[in-house]
Amino acid sequence: MVGGPLYSDVRYLHAKRSVDDRALNRPVLEQLRAELAALPPPVRVLELGAGVGTMVSRLADLGWMARGRYTLLDRDGASLASAAEHLRKWGGPATGGGSDGDGDGRVTVRDQARDLEVDLVEADVFDWLATNADRAYDLVVANAFLDLVDVGALLPALWRCLAPGRPFWFSINFDGETIFLPELPLDAAVMALYHRGMDQRVRDGRRAGESKTGRHLLQQLPGSGARLLGAGSSDWVVLPSAGGADAPRYPEDEAYFLHHIVQTIEVALTGERSLEASAFAAWSDARHRQIERGELIYIAHQLDVVGLAPSSPSAFLPAPPILIPGRP
Ligand SMILES: C[S@@+](CC[C@H](N)C(=O)[O-])C[C@H]1O[C@@H](n2cnc3c(N)ncnc32)[C@H](O)[C@@H]1O
């Protein structure tokens, strides 16, 4: 079932919302809330790799972003089109603005409780930051994103977009541990190769994330001149917690979320010479069947961080090198 038409990144991102809601680190969220409360409205927010736009509605529903001017940046037009649809549905009759149907566009939500303007921008983050360095954002957010990019290259460009000393919130950063229960004999080999693949991923000539992004951020952020205010784990834990003992099932669309995770591993490791093909096919088949029966438990270790951008451009320091075993 590798790369089958049943799989959709947009559906995966919507299914991920309830998993993220449980996972987001509460003390880090509290620190973010305190920082947001100190910002003069309307708050100018830049969200990197924004996907289907669930963070805008999450922050507004929490009551922390009543007046905001958002830029949602993502290179995937289909996700941004779904973000516009999600925001229009969420905004209901308070919604305005338009879209070119191709990702870019603006959605506004204005009523007694909300004054939000959301610009949807389809672009690669490095290209966009290179040409938008003069924008003085009040807050930068990235959820489940920094483990997909070269953080060392990103941070200096990002700090030029954020007003000095303003807050950042980087959440759901993968940190090197994937666990499936019940355990299968092939798990250790599959996970080692899956994580190694993350460390070797290159896109557009750049390193595209790594398997220990979470812990490395704790060094890279201060190394770039930023100040860390807090950090904590935000592990995804997905259980068949709905239904009864006789008919266990996953809440919301989390069965789909799990199928998508297993399919992502299938795609990443198909053709991997050190895995015997039929044994790997049996492994992924067993995992899909466990999901269908409500037996699979999935844990991914992740970290959230909150902090403040460098207080002045002169505070920029070179990031310390991150040494990854097996890489030159
Ligand atoms: C795992 S998804 C997370 C989406 C959203 N933040 C969420 O948590 O639901 C990562 C997103 O980053 C986007 N992305 C990855 N690399 C990017 C890049 N270099 N520039 C812009 N967007 C990128 C992908 O298109 C995808 O929508």
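Values as computed for the structure displayed
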| quantity | calculated |
| --- | --- |
| Residue count, the stretch 1-43 (criterion: modelled with pLDDT under 95 and either among the β-branched types (V, I, T) or closer than 16 Å to V140 by Cβ (or both)) | 1 |
| Close pairs from the stretch 50-61: first on the phi < 0 side of the Ramachandran plot, partner part of a loop (DSSP other than H, G, I, E, B) and within 10 Å of the ligand (Cβ to nearest atom), Cβ under 9 Å, at least 6 apart | A50/F145; V56/A50 |
| Index of the failed condition, G63 passing every other in (1) at pLDDT below 95; (2) within 16 Å of the ligand (Cβ to nearest atom); (3) within 30 Å of L228 (Cβ to Cβ) | (2) |
| All positions within the stretch 236-270 that are surrounded by fewer than 20 Cβ atoms within 10 Å (Cβ to Cβ) and touching a Pro at 6+ places or on another chain (Cβ under 7 Å) | S241, A242, P248, R249 |
| Unique residue being closer than 23 Å to N143 by Cα, of a type in the set (S, T, N, Q) and without any contact (Cβ under 8 Å) to a residue 60 or more places away in the chain when the list is T264, T213 | T264 |
| Within the stretch 170-184, tally of residues that are among the polar types (S, T, N, Q), over 20 Å from R227 (Cα atoms) and within 11 Å of the ligand (Cβ to nearest atom) | 0 |
| Failed item, numbered, when M191 is tested on (1) under 21 Å from V125 (Cβ atoms); (2) without any contact (Cβ under 8 Å) to a residue 40 or more places away in the chain | (1) |
| Matching residues, the stretch 58-77, being outside any loop (DSSP other than H, G, I, E, B) and surrounded by 21 or more Cβ atoms within 10 Å (Cβ to Cβ) | L59, A60, G68, Y70, T71, L72, L73, D74 |
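Okay, residues lined up against (1) in contact with a strand residue (DSSP E or B) (Cβ under 7 Å, 6 or more places away or on another chain); (2) more than 16 Å from V305 (Cα to Cα); (3) modelled with pLDDT of 95 or more:
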residue: I179; (1), (2), (3): yes, yes, yes
residue: L184; (1), (2), (3): no, yes, yes
residue: V190; (1), (2), (3): no, yes, yes
residue: H195; (1), (2), (3): yes, yes, yes
residue: D199; (1), (2), (3): no, yes, yes
residue: R215; (1), (2), (3): yes, no, yes
residue: Q219; (1), (2), (3): no, no, yes
residue: G230; (1), (2), (3): yes, no, yes
residue: S233; (1), (2), (3): yes, no, yes
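Okay, residues lined up against (1) within 14 Å of the ligand (Cβ to nearest atom); (2) within 26 Å of V305 (Cβ to Cβ); (3) charged (D, E, K, R):
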{"site": "E85", "(1), (2), (3)": "no, no, yes"}
{"site": "V109", "(1), (2), (3)": "no, no, no"}
{"site": "W128", "(1), (2), (3)": "yes, yes, no"}
{"site": "N132", "(1), (2), (3)": "yes, yes, no"}
{"site": "A136", "(1), (2), (3)": "no, yes, no"}
{"site": "V149", "(1), (2), (3)": "yes, yes, no"}
{"site": "R160", "(1), (2), (3)": "no, yes, yes"}
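Each row is one residue, and each column tells you yes or no for (1) out of contact with any Pro (no Cβ under 6 Å at 6 or more places or on another chain); (2) within 16 Å of the ligand (Cβ to nearest atom); (3) open to solvent by 50 Å² or more (accessible area, probe 1.4 Å).
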| site | (1), (2), (3) |
| --- | --- |
| D124 | yes, yes, no |
| L154 | yes, yes, no |
| V190 | yes, no, no |
| K212 | yes, no, yes |
| R215 | yes, no, yes |
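The values are calculated or read from the model by the stated rules, or taken from the named source; none is laboratory data. Worth saying up front: this structure is predicted, and the values here are computed from it rather than measured. For neighbour counting, all protein chains shown are included, and Cβ atoms are generated from backbone atoms with ideal geometry for every residue, glycine included. In case anyone asks, the SASA skips ligands and DNA or RNA and just uses the protein heavy atoms, side chains included. Shrake-Rupley method; radii C 1.70, N 1.55, O 1.52, S 1.80 Å.
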